[in-house]
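The values are calculated or read from the model by the stated rules, or taken from the named source; none is laboratory data. These numbers come from a predicted model, not from an experiment. Note that each Cβ is placed from the backbone with ideal geometry, even for glycine, and that neighbours are counted across all protein chains shown.
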Amino acid sequence: MEQFFDVTIILLQGFWTNILIFALTLLISIPLGLVVTFGSMSKFKPLAYLSKILVWIVRGTPLMLQIFIIYYIPGFLGIPASSQLTSVIIAFAVNYAFYFSEIYRGGIEGVPKGQYEAGMVLGMTKPQIFKNIILLQVAKKIVPSMSNEVITLVKDTSLASVIGLTEIIKSSTQLMSSPGILYPLFYSGIFFLVFNGIVTLGLNKIEKKFSYYN
(Lines give C-alpha, C1' and ligand atoms only; values in the text may rest on other atoms or scores of the structure.)
Protein backbone atom coordinates (compact mmCIF):
# COMPACT_ATOMS: atom_id res chain seq x y z
CA MET A 1 0.00 0.00 0.00
CA GLU A 2 2.85 2.38 0.84
CA GLN A 3 4.45 1.65 -2.52
CA PHE A 4 1.15 2.37 -4.32
CA PHE A 5 0.83 5.69 -2.47
CA ASP A 6 4.39 6.69 -3.41
CA VAL A 7 3.75 5.75 -7.06
CA THR A 8 0.55 7.80 -7.07
CA ILE A 9 2.36 10.89 -5.73
CA ILE A 10 5.09 10.58 -8.38
CA LEU A 11 2.54 10.17 -11.17
CA LEU A 12 0.53 13.15 -9.90
CA GLN A 13 3.67 15.27 -10.00
CA GLY A 14 4.26 14.16 -13.59
CA PHE A 15 0.64 14.73 -14.56
CA TRP A 16 0.83 18.31 -13.29
CA THR A 17 3.20 18.94 -16.22
CA ASN A 18 0.61 17.50 -18.62
CA ILE A 19 -2.08 19.76 -17.16
CA LEU A 20 0.20 22.79 -17.41
CA ILE A 21 0.94 22.06 -21.07
CA PHE A 22 -2.77 21.56 -21.74
CA ALA A 23 -3.84 24.82 -20.06
CA LEU A 24 -1.12 27.04 -21.56
CA THR A 25 -1.62 25.56 -25.02
CA LEU A 26 -5.32 26.43 -24.98
CA LEU A 27 -4.67 29.87 -23.50
CA ILE A 28 -2.29 30.75 -26.34
CA SER A 29 -3.62 28.77 -29.30
CA ILE A 30 -7.31 29.77 -29.13
CA PRO A 31 -6.72 33.51 -29.77
CA LEU A 32 -3.66 32.86 -31.97
CA GLY A 33 -5.76 30.59 -34.18
CA LEU A 34 -8.18 33.45 -34.79
CA VAL A 35 -5.28 35.66 -35.93
CA VAL A 36 -4.17 32.95 -38.37
CA THR A 37 -7.76 32.67 -39.64
CA PHE A 38 -7.91 36.38 -40.40
CA GLY A 39 -4.61 36.00 -42.23
CA SER A 40 -5.91 33.08 -44.31
CA MET A 41 -9.10 34.98 -45.17
CA SER A 42 -7.35 38.29 -45.82
CA LYS A 43 -8.03 40.09 -49.10
CA PHE A 44 -4.30 40.89 -49.19
CA LYS A 45 -3.26 37.91 -51.30
CA PRO A 46 0.40 37.57 -50.20
CA LEU A 47 -0.71 37.36 -46.55
CA ALA A 48 -3.49 34.91 -47.40
CA TYR A 49 -1.14 32.66 -49.39
CA LEU A 50 1.54 32.77 -46.69
CA SER A 51 -1.00 31.87 -43.99
CA LYS A 52 -2.37 28.98 -46.03
CA ILE A 53 1.12 27.63 -46.74
CA LEU A 54 2.00 27.75 -43.04
CA VAL A 55 -1.26 26.00 -42.16
CA TRP A 56 -0.46 23.29 -44.72
CA ILE A 57 3.06 22.79 -43.34
CA VAL A 58 2.07 22.70 -39.67
CA ARG A 59 -0.94 20.43 -40.21
CA GLY A 60 0.99 18.19 -42.58
CA THR A 61 3.92 17.38 -40.28
CA PRO A 62 3.96 15.45 -36.99
CA LEU A 63 3.75 17.40 -33.75
CA MET A 64 6.69 15.36 -32.46
CA LEU A 65 8.87 16.65 -35.31
CA GLN A 66 7.81 20.23 -34.54
CA ILE A 67 8.84 19.77 -30.90
CA PHE A 68 12.26 18.52 -32.01
CA ILE A 69 12.70 21.47 -34.40
CA ILE A 70 11.80 24.12 -31.84
CA TYR A 71 13.96 22.55 -29.13
CA TYR A 72 17.07 21.60 -31.12
CA ILE A 73 17.33 23.92 -34.15
CA PRO A 74 18.07 27.16 -32.22
CA GLY A 75 21.20 25.52 -30.79
CA PHE A 76 22.47 24.67 -34.28
CA LEU A 77 21.91 28.29 -35.31
CA GLY A 78 23.85 29.64 -32.34
CA ILE A 79 20.69 30.91 -30.61
CA PRO A 80 20.30 30.15 -26.89
CA ALA A 81 17.98 27.17 -26.59
CA SER A 82 14.70 27.48 -24.73
CA SER A 83 13.92 25.27 -21.76
CA GLN A 84 12.23 21.94 -22.42
CA LEU A 85 8.89 23.21 -21.11
CA THR A 86 9.05 26.46 -23.11
CA SER A 87 9.89 24.58 -26.32
CA VAL A 88 7.00 22.19 -25.77
CA ILE A 89 4.54 25.03 -25.09
CA ILE A 90 5.63 26.89 -28.23
CA ALA A 91 5.33 23.75 -30.38
CA PHE A 92 1.93 22.82 -28.99
CA ALA A 93 0.54 26.37 -29.13
CA VAL A 94 1.59 26.86 -32.76
CA ASN A 95 0.39 23.42 -33.83
CA TYR A 96 -3.04 23.74 -32.25
CA ALA A 97 -3.43 27.38 -33.31
CA PHE A 98 -3.16 26.32 -36.94
CA TYR A 99 -5.61 23.46 -36.44
CA PHE A 100 -8.04 25.79 -34.68
CA SER A 101 -7.65 28.36 -37.46
CA GLU A 102 -9.12 25.94 -40.00
CA ILE A 103 -12.02 25.19 -37.67
CA TYR A 104 -12.63 28.92 -37.24
CA ARG A 105 -12.43 29.49 -40.99
CA GLY A 106 -14.97 26.77 -41.67
CA GLY A 107 -17.31 28.24 -39.06
CA ILE A 108 -17.03 31.79 -40.42
CA GLU A 109 -17.53 30.69 -44.02
CA GLY A 110 -20.57 28.68 -42.90
CA VAL A 111 -22.44 31.81 -41.80
CA PRO A 112 -24.82 32.95 -44.60
CA LYS A 113 -23.74 36.14 -46.38
CA GLY A 114 -27.18 37.53 -45.67
CA GLN A 115 -26.14 37.91 -42.02
CA TYR A 116 -23.38 40.31 -43.03
CA GLU A 117 -25.70 42.22 -45.35
CA ALA A 118 -28.33 42.54 -42.63
CA GLY A 119 -25.76 44.06 -40.30
CA MET A 120 -24.67 46.55 -42.93
CA VAL A 121 -28.29 47.56 -43.55
CA LEU A 122 -28.58 48.28 -39.82
CA GLY A 123 -25.60 50.62 -40.12
CA MET A 124 -23.16 48.42 -38.21
CA THR A 125 -19.42 48.47 -38.89
CA LYS A 126 -17.61 45.27 -39.91
CA PRO A 127 -16.11 44.76 -36.42
CA GLN A 128 -19.58 45.27 -34.89
CA ILE A 129 -21.12 42.78 -37.32
CA PHE A 130 -18.47 40.20 -36.48
CA LYS A 131 -18.74 40.73 -32.72
CA ASN A 132 -22.53 41.03 -32.38
CA ILE A 133 -23.85 38.81 -35.18
CA ILE A 134 -21.23 36.44 -36.54
CA LEU A 135 -19.12 35.44 -33.53
CA LEU A 136 -21.81 33.67 -31.51
CA GLN A 137 -23.06 31.79 -34.57
CA VAL A 138 -19.53 30.70 -35.38
CA ALA A 139 -19.00 29.57 -31.77
CA LYS A 140 -22.09 27.37 -31.98
CA LYS A 141 -20.89 25.76 -35.23
CA ILE A 142 -17.33 25.06 -34.11
CA VAL A 143 -17.90 23.71 -30.58
CA PRO A 144 -18.08 20.00 -31.65
CA SER A 145 -14.91 20.22 -33.75
CA MET A 146 -13.08 22.22 -31.11
CA SER A 147 -14.11 19.67 -28.49
CA ASN A 148 -12.49 16.86 -30.48
CA GLU A 149 -9.24 18.81 -30.76
CA VAL A 150 -9.24 19.67 -27.05
CA ILE A 151 -9.67 16.01 -26.10
CA THR A 152 -6.86 15.08 -28.49
CA LEU A 153 -4.69 17.73 -26.82
CA VAL A 154 -5.07 16.01 -23.45
CA LYS A 155 -3.53 12.85 -24.88
CA ASP A 156 -0.93 14.66 -27.00
CA THR A 157 0.64 16.22 -23.90
CA SER A 158 2.45 12.91 -23.39
CA LEU A 159 4.63 13.80 -26.42
CA ALA A 160 6.51 16.23 -24.19
CA SER A 161 8.64 13.31 -23.04
CA VAL A 162 10.37 13.05 -26.45
CA ILE A 163 12.79 15.82 -25.42
CA GLY A 164 13.19 14.53 -21.87
CA LEU A 165 10.53 16.61 -20.13
CA THR A 166 9.22 14.67 -17.14
CA GLU A 167 5.47 14.21 -17.53
CA ILE A 168 3.31 11.31 -16.42
CA ILE A 169 4.30 8.79 -19.11
CA LYS A 170 8.00 9.41 -18.56
CA SER A 171 7.45 9.17 -14.81
CA SER A 172 5.65 5.85 -15.20
CA THR A 173 8.36 4.34 -17.42
CA GLN A 174 11.01 5.42 -14.92
CA LEU A 175 9.05 3.72 -12.14
CA MET A 176 8.76 0.56 -14.21
CA SER A 177 12.54 0.32 -14.34
CA SER A 178 12.45 -0.61 -10.64
CA PRO A 179 12.27 -4.37 -9.97
CA GLY A 180 8.79 -5.68 -9.31
CA ILE A 181 6.88 -2.56 -10.43
CA LEU A 182 4.97 -3.24 -13.64
CA TYR A 183 1.69 -1.33 -13.27
CA PRO A 184 2.62 2.42 -13.36
CA LEU A 185 2.32 2.73 -17.16
CA PHE A 186 -1.21 1.28 -17.11
CA TYR A 187 -2.03 3.27 -13.98
CA SER A 188 -1.09 6.49 -15.79
CA GLY A 189 -3.85 5.77 -18.29
CA ILE A 190 -6.41 6.22 -15.50
CA PHE A 191 -5.20 9.79 -14.99
CA PHE A 192 -5.85 10.55 -18.67
CA LEU A 193 -9.27 8.88 -18.56
CA VAL A 194 -10.35 10.85 -15.50
CA PHE A 195 -9.05 14.16 -16.82
CA ASN A 196 -10.60 13.56 -20.23
CA GLY A 197 -13.90 12.77 -18.49
CA ILE A 198 -13.77 16.10 -16.64
CA VAL A 199 -12.88 17.99 -19.83
CA THR A 200 -15.68 16.25 -21.75
CA LEU A 201 -18.24 17.24 -19.10
CA GLY A 202 -17.06 20.84 -19.32
CA LEU A 203 -17.25 20.83 -23.11
CA ASN A 204 -20.77 19.35 -23.00
CA LYS A 205 -21.88 22.21 -20.75
CA ILE A 206 -20.42 24.74 -23.18
CA GLU A 207 -22.22 23.03 -26.07
CA LYS A 208 -25.52 23.19 -24.19
CA LYS A 209 -24.98 26.91 -23.58
CA PHE A 210 -25.12 27.48 -27.32
CA SER A 211 -28.15 25.22 -27.79
CA TYR A 212 -30.45 28.25 -28.02
CA TYR A 213 -29.32 28.61 -31.64
CA ASN A 214 -31.02 25.32 -32.53
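Worth pointing out:
- The residue list Ile57, Ile28 contains one member that is surrounded by 13 or more Cβ atoms within 10 Å (Cβ to Cβ) and closer than 13 Å to Val94 by Cβ, which is Ile28.
- Residue selected from the stretch 5-25 under the condition of a type in the set (Phe, Trp, Tyr) and in contact (Cβ under 8 Å) with a residue 12 or more places away in the chain, by the criterion surrounded by the most Cβ atoms within 10 Å (Cβ to Cβ): Phe15
- The C-beta contact set for the stretch 147-167 (first residue on the phi > 0 side of the Ramachandran plot and in contact (Cβ under 8 Å) with a residue 24 or more places away in the chain, second residue in a helix (DSSP H, G or I) and crowded, with 16+ Cβ neighbours inside 10 Å, distance under 8 angstrom, 6+ apart or interchain) comprises Gly164/Gln84; Gly164/Lys170.
- Unmet criterion (only one of (1) surrounded by fewer than 12 Cβ atoms within 10 Å (Cβ to Cβ); (2) in contact (Cβ under 8 Å) with a residue 60 or more places away in the chain) for Lys45: (2)
- Residue identified as under 26 Å from Thr166 (Cα atoms), of a type in the set (Gly, Ala, Ser) and free of Cβ contacts under 8 Å to residues at least 60 places away in the same chain among Ser87, Ser83, Ser51: Ser83
- Residue within the stretch 175-193 that is at pLDDT 85 or above, under 30 Å from Val7 (Cβ atoms), of a type outside the set (Gly, Ala, Ser) and touching a Pro at 6+ places or on another chain (Cβ under 9 Å) present: yes
- Flag if Ser40 is in contact with an Asp or Glu (Cβ under 9 Å, 6 or more places away or on another chain) and of a type outside the set (D, E, K, R): yes
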